[in-house]
Amino acid sequence: MKFEIDSTPLYELSPYLFMQFAEPLGCADSSIDAAWDFKNNCWQGKVIEILKELSPTMIRWGGCFASYYHWREGVGPQRVPMHNICWDGIYLNQVGTAELVELTQSVNAQLLLNVNFMSEGQKKWMEPVSGDDRRGTAEEAAAWVRYCNDPEDKLRLSHGAKEPYNVRFWQIGNETGYQPPCFTEPGFTAEENGIYAARFVGEMRKADPSIRLIVWGDGPNQVWKERFRNGELSDWTQAVCDRVGEGAELIAFHNHFGGDEEFAPLSGTGYRKDPSLTWELLRTAARDFNDRLEYMHRSVAPYGKKLAMTEGHMVHLCRDRTGLMASWAAGVMYAECFNALQRHGEVVEIATLADFMGNRWNSNAVMIPTPLWIPEAKPYLLPVGHIAKLYRHHIGKMAVKVSGGTSSVDIAGSCTKGKFFCHLVNKERSAPQKIELSLDGKTVKNFRVWEISADPELEMMELCSNAPELVERSVCDGKYLLPGASVAVIEFGQ
């Protein structure tokens with residue numbers, strides 16, 4: 001099949017399409033604790049090594065944890081332990097603002113902080129124990145901005161940090177519009193979300209007018225698909241945009257996809273019973289992901305806002321602890337999702353497709369075997385991490401249009417000053433695809449290829465030595481055979 005590339009740049013692709021999301025997950029998944037060296041009071045060296053390899057462009061701190069987090073408990077020499085309400089257990093707060101800044105600086109990433117937005121209006125998080133008020137106020141959020149960015153902030157200076165941290169990105173509200181069945185009491189309505197968000201925007205802007213602010217703008221995760229099929233837009237997006245006006249640049253939503261009843265055959269170890277069915281259901285999951293992007297793209301279009309998909313991955317039962325997300329089949333699916341992000345890059349500025357790092361969830365990009373003091377224990381990338389690493393290091397700054405081909409291959413194109421990149425995904429499990437390229441009508445003869453090809457049923461785990469290998473190839477005759485179930489990047493000059 002032949003793909004035609006138009007060299008005309010369409011729009012700039014944000015570097016933050018490769019963001020990672022960090023949240024202390026308590027007893028659910030020892031994410032932050034597993035990455036922290038409690039003996040030496042620093043980040044684990046092995047973890048830093050693999051994070052440099054992954055090279056995330058942004059790291060977000062927050063999630064549900066932000067809904068009961070008081071940032072002052074995690075700064076200075078005296079840290080205050082807290083009950084991790086959502087994820088169970090006690091969080092000791094050894095990792096706080098200074099440590100997050102250290103982490104992002106060590107891997108050359110931006111830091112995105114998620115403030116406590118009045119506990120999202122959820123009473124279960126506001127006061128879990130009598131006398132322990134966990135609600136965050138606009139004033140507390142503004143004080144955090146000053147602590148990070150004001151050169152003369154007295155509290156930060158007293159903690160020995162003479163230079164400001166210069167945190168540019170801040171999120172207000174984590175999943176304000178979500179009302180899972182386990183939440184027995186309702187949180188904020190769409191209108192209340194807009195009213196309170198505007199208050200936070202005002203106070204945080206006073207602290208530092210130069211920051212980029214993200215407000216929550218999507219409704220219940222269970223209803224978007226019906227609204228999309230009916231041609232409707234997100235009412236939460238409209239409500240918050242009307243209230244905050246020009247005060248916030250980005251609208252947040254979370255893209256957790258593939259959890260409907262039609263995906264029931266994948267539950268538990270069911271995904272191993274019929275690999276062909278699993279493969280097709282993963283294609284359906286990728287389409288769901290794209291539909292959610294299209295829904296939010298249409299919703300923000302009237303307001304000229306950018307989108308921040310600050311959490312996202314395929315939903316799987318048992319908190320993603322089975323092997324489906326560790327399979328290469330899932331890696332191919334995630335490559336399709338990364339391609340979709342590029343095609344919506346006109347409005348998507350921030351995105352993630354993983355829960356970053358931990359020692360249990362297979363929705364992570366990085367798995368951390370514990371204990372790490374054992375010499376042979378090494379963190380490793382799960383499939384989504386391999387894709388993020390490949391795409392992160394081989395992508396252009398501007399999107400370009402790619403046409404032609406067939407439904408068997410998914411493709412996204414980009415360029416940087418005369419150098420072009422094509423991200424290819426073979427959606428066929430076993431059938432290779434013959435690939436030819438032309439640029440502005442002229443056949444491309446010479447190009448380089450970075451390719452990851454593996455058995456779709458391969459599951460990556462600590463004891464598995466068959467992790468997919470990244471192969472580099474040179475093509476001189478303009479013809480390339482893309483193996484079945486493979487992901488590749490083609491690079492060539494104009």
Report task. With +1 on each Lys and Arg Cβ and -1 on each Asp and Glu Cβ, and nothing else charged, work out how big the dipole of the chain is about its Cα centre, in Debye to the nearest 20. Result -> 1000 debye
Report summary line: The simple spin-label model distance between HIS297 and GLU127, using points 7 Å out along Cα→Cβ, in nm, is 4.7 nm
Query - Two-site FRET efficiency, GLU246 against GLU152, from Cβ-Cβ distance with R₀ of 25 Å, rounded to 0.05 - result: 0.35
Query raised in the report: Based on the alpha carbon coordinates of the chain, what radius of gyration and maximum Cα-Cα distance (Dmax) apply, in Å?
Result: 22.4, 73
**Report entry** Sparsely packed trypsin sites (Lys or Arg not before Pro) within the stretch 137-172, loop by DSSP, other Cβ within 10 Å at most 11
**Finding:** LYS162
Query - Amide hydrogen neighbours beyond the local backbone of LEU439, cut-off 5 Å, H modeled - result: ILE5, VAL444
Report task. Between beta-carbons, use under 13 Å as the cut-off and find the net charge around ARG473, counting Lys and Arg +1, Asp and Glu -1. Result -> -3
Query - Two-site FRET efficiency, GLN222 against ASP6, from Cβ-Cβ distance with R₀ of 30 Å, rounded to 0.05 - result: 0.15
Requested in this report: Would you kindly state the longest site-free stretch of the chain, with sites defined as GluC sites (Glu not before Pro) in a DSSP loop (not H, G, I, E, B) surrounded by at most 10 other Cβ atoms within 10 Å?
Outcome: 153-375
Report task. Quickly work out the SER267-to-ASP88 label distance, labels modelled 7 Å from Cα along the C-beta direction, and quote it in nm with one decimal. Result -> 2.1 nm
Report task. Report the paramagnetic label zone for SER438: residues of the stretch 1-43 whose backbone N is under 17 Å from a point 7 Å from Cα along the Cα-to-Cβ axis. Result -> 1-8
Query raised in the report: So which trypsin sites (Lys or Arg not before Pro) in the stretch 1-68 are both in a DSSP loop and have at most 11 other Cβ atoms within 10 Å of their Cβ?
Result: LYS39
Requested in this report: Run through the DSSP bridge list for the chain and note the antiparallel percent, rounded to the nearest 5.
Outcome: 55 percent
Query raised in the report: Contour minus end-to-end for ILE195 and LEU277, with contour as 0.36 nm per residue of separation and end-to-end as the Cα-Cα distance?
Result: 24.9 nm
Query raised in the report: For TRP216, what charge total do you get from the other residues with a beta carbon under 9 Å from its beta carbon, if Lys and Arg give +1 and Asp and Glu give -1?
Result: -3
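None of the figures in this text is laboratory data; all of them are computed from the coordinates on show. All values reported here derive from a predicted model rather than from experimental measurement. Here Cβ is always computed from backbone atoms with ideal geometry, including for glycine, and neighbour counts include all displayed protein chains.
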